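Structure in structure tokens, see below.
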Amino acid sequence: MNRLRPVWTLLLGLLITLLLFTVASAQTESDGAFRVDRLNALIFMALFSIVILIYTRWAKSGKKLFIRKINGLDEVEEAVGRATEMGKPVLFIPGLQEIDEIETIAAISILGRVAKITARYDTPLMVPVRYPMVMAAGQEVVEQAYIEEGKPDAYNKDIVRYVAGEQFAFTATVNGIMMRDRPATNIFMGAFFAESLLLAETGNAAGSIQIAGTAQPSQLPFFIAACDYTLMGEELYAASAYLSHEPLLLGGLKGQDWMKIILVLSILIGTILLSFGVGDWFYDLYKSV
Amino acid sequence: MRTTVPVIIAFLSGFVMILAFFFNPEKSFIGRLEPEVLAWVTIVGGFTLLLGVVSIVRVNFTAVKRRKENWPYKLATLISIFAMAIPAILPSSWSPLLGTGTGSIYDWLFNYLDAPMMSTMFAMLAFYIASAAFRAFRARNAEATLLLVTATLVMLWRVPMGEAFLKSIHGDLPQYINTYIMGGANLAVQRGIIIGAAMGAAAMSLRIMLGIERTYMGK
């Protein structure tokens, strides 16, 4: 019972939220303050939260969780090791979006893990960024990584530096760094757009080992063609949990997998019902305006 | 304290955005919170721009001062920053060359230097695609050969001359490529990746909101 306390807490929280919704809707003169058409999203969110919390609790209690191998992430340490042997730097690009984008937050989380490895091996790290807020977050994470590895003196504020706000000015600067400094390892994590191939091909021409990860489906083919390892979609968000091996974070991944199973089953049931012409009610359950 | 306060801020910010999603902005205060919070993000972003300028000037100025390797490039960066920024900041009432209006120094630099350079970078993509495609489409094994054949068909379908050629083989061939390759296999895989990524993003957001995931703070 005690193990499931967060779940009950969350359920209670959701009940209170629903109650607030009802009160708010009743107090509004005209009806429709609460988006009833989005009730399905609320229910799905509640279910999603409960499943993740249950798995997080299981993981915390010591239950062994199987997480499949992600080659791109296993190679991060190898790639940094290669840079150390060659005496060359590691280049990390945390995408081209602002810090309020979840892909950038995922990239910053991975940067923390990479910085720990570079700090451990005394390998130079370069992190050019496009937005000052990303720079501030990146500096904080890298500094913390160097402190945790017992090398605060090796930390330099300019490891994470702002280079340009314009998309292609940023690309030109990073390409210049690749060709002049010849980093042994390039790590591209986060949201990338038209510049993805320009960056990855330049890195390839410079002879660097390249690991990329993005949730932008249109950029994935470019990274797959030009990089040695590519993390696709959800693997980017799983990276911080995978690299840290923390049971609490791994529990979240398992919960996520269960929700995917539920979604796949829904798609299959919906396809079958609609194929037989009796699935309109089922389709409406998932519709949101 | 150093960790607790950011976790509380992350939870409150996330919770406000979730609440706002379920309320009608025209009929409730909670619904109007979303644009308010996003406006705050823009304001904070505006202030941090100064951090960026300080960073770029410090890094490049130090390199020029110490005559580090490739220092002329750093000098060009510094000159470019100030050449663009100073005339744009000064009021146009002093001179028509100042400010950001038509005919100003900023306008001239933007239209005749900045924009063409951006276009050049984008145009270079065509050559990079060619070199990447050359590597990716080599028929090394069965899967790579399948990729080569599929890519060739799609590329032919995308250009008018290729489409005419495909039609000469079979009138409905372009339509089949559109339906089965682009609308079938390609779209299904893309949607699979999008669903997986959306679930990953939602799970990560939840982990951050509940304070389970603190790696973005270096923990």
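The values are calculated or read from the model by the stated rules, or taken from the named source; none is laboratory data. Not measured: the values here are computed from a predicted model. Here Cβ is always computed from backbone atoms with ideal geometry, including for glycine, and neighbour counts include all displayed protein chains. For the accessible areas, the whole protein counts, side chains as well, though only heavy atoms, and no ligand, DNA or RNA atoms are used. Shrake-Rupley method; radii C 1.70, N 1.55, O 1.52, S 1.80 Å.
Checking the conditions here, which among A:K60, A:K88 is crowded, with 17+ Cβ neighbours inside 10 Å and either touching a residue at least 60 places away in the same chain (Cβ under 8 Å) or in contact with a Ser or Thr (Cβ under 6 Å, 6 or more places away or on another chain) (or both)?
Selected residue: A:K88, the only one of A:K60, A:K88 that is crowded, with 17+ Cβ neighbours inside 10 Å and either touching a residue at least 60 places away in the same chain (Cβ under 8 Å) or in contact with a Ser or Thr (Cβ under 6 Å, 6 or more places away or on another chain) (or both).
Another question, if that's okay. Determine, yes or no, whether B:S13 is of a type in the set (S, T, Y), touching a residue at least 24 places away in the same chain (Cβ under 8 Å), out of contact with any strand residue (DSSP E or B) (no Cβ under 7 Å at 6 or more places or on another chain) and in a helix (DSSP H, G or I).
Against the criterion (of a type in the set (S, T, Y), touching a residue at least 24 places away in the same chain (Cβ under 8 Å), out of contact with any strand residue (DSSP E or B) (no Cβ under 7 Å at 6 or more places or on another chain) and in a helix (DSSP H, G or I)), B:S13 qualifies.
Another question, then. Residue under question is B:R135, and the condition is that it be within 22 Å of A:E195 (Cβ to Cβ), within 14 Å of another protein chain (Cβ to nearest Cβ) and at pLDDT below 90; does it hold?
Considered against the rule, which asks whether it is within 22 Å of A:E195 (Cβ to Cβ), within 14 Å of another protein chain (Cβ to nearest Cβ) and at pLDDT below 90, B:R135 comes out as yes.
Report, by residue number, each residue of segment A:193-204 that is part of a helix (DSSP H, G or I) and touching a residue at least 24 places away in the same chain (Cβ under 8 Å).
The answer is A:E195, A:S196, A:L197, A:L198, A:L199, A:A200, A:E201, A:T202, A:G203.
Taking segment A:154-177, which residues are touching a residue at least 12 places away in the same chain (Cβ under 8 Å), closer than 14 Å to A:P124 by Cα and assigned to a helix (DSSP H, G or I)?
Those that are touching a residue at least 12 places away in the same chain (Cβ under 8 Å), closer than 14 Å to A:P124 by Cα and assigned to a helix (DSSP H, G or I): A:A154, A:K157, A:I159, A:I177.
On to the next question. Going through B:A151, B:A144, B:A123, B:A133 one at a time, which residue ends up being open to solvent by less than 70 Å² (accessible area, probe 1.4 Å), of a type in the set (G, A, S) and within 18 Å of the chain's Cα centre (by Cα)?
After applying the criteria, what remains is B:A123.
Filter segment B:161-213 down to residues that are over 18 Å from B:A151 (Cα atoms), within 9 Å of chain A (Cβ to nearest Cβ) and surrounded by 13 or more Cβ atoms within 10 Å (Cβ to Cβ), then give me how many there are.
The total comes to 20.
For A:G277, all conditions in the list (1) open to solvent by less than 30 Å² (accessible area, probe 1.4 Å); (2) on the phi > 0 side of the Ramachandran plot; (3) in the same structural domain as A:F48 (by TED's automatic domain parsing) hold save one; what is the number of the exception?
(1)
How many residues, within segment A:63-85, are of a type in the set (A, V, I, L, M, F, W, C) and either at pLDDT 90 or above or open to solvent by less than 20 Å² (accessible area, probe 1.4 Å) (or both)?
6
If A:L268 passes every condition in (1) open to solvent by less than 10 Å² (accessible area, probe 1.4 Å); (2) of a type in the set (A, V, I, L, M); (3) under 24 Å from B:A198 (Cβ atoms); (4) over 19 Å from the mean Cα position of the chain (by Cα) but one, which one does it miss?
For A:L268, the failing item is (1).
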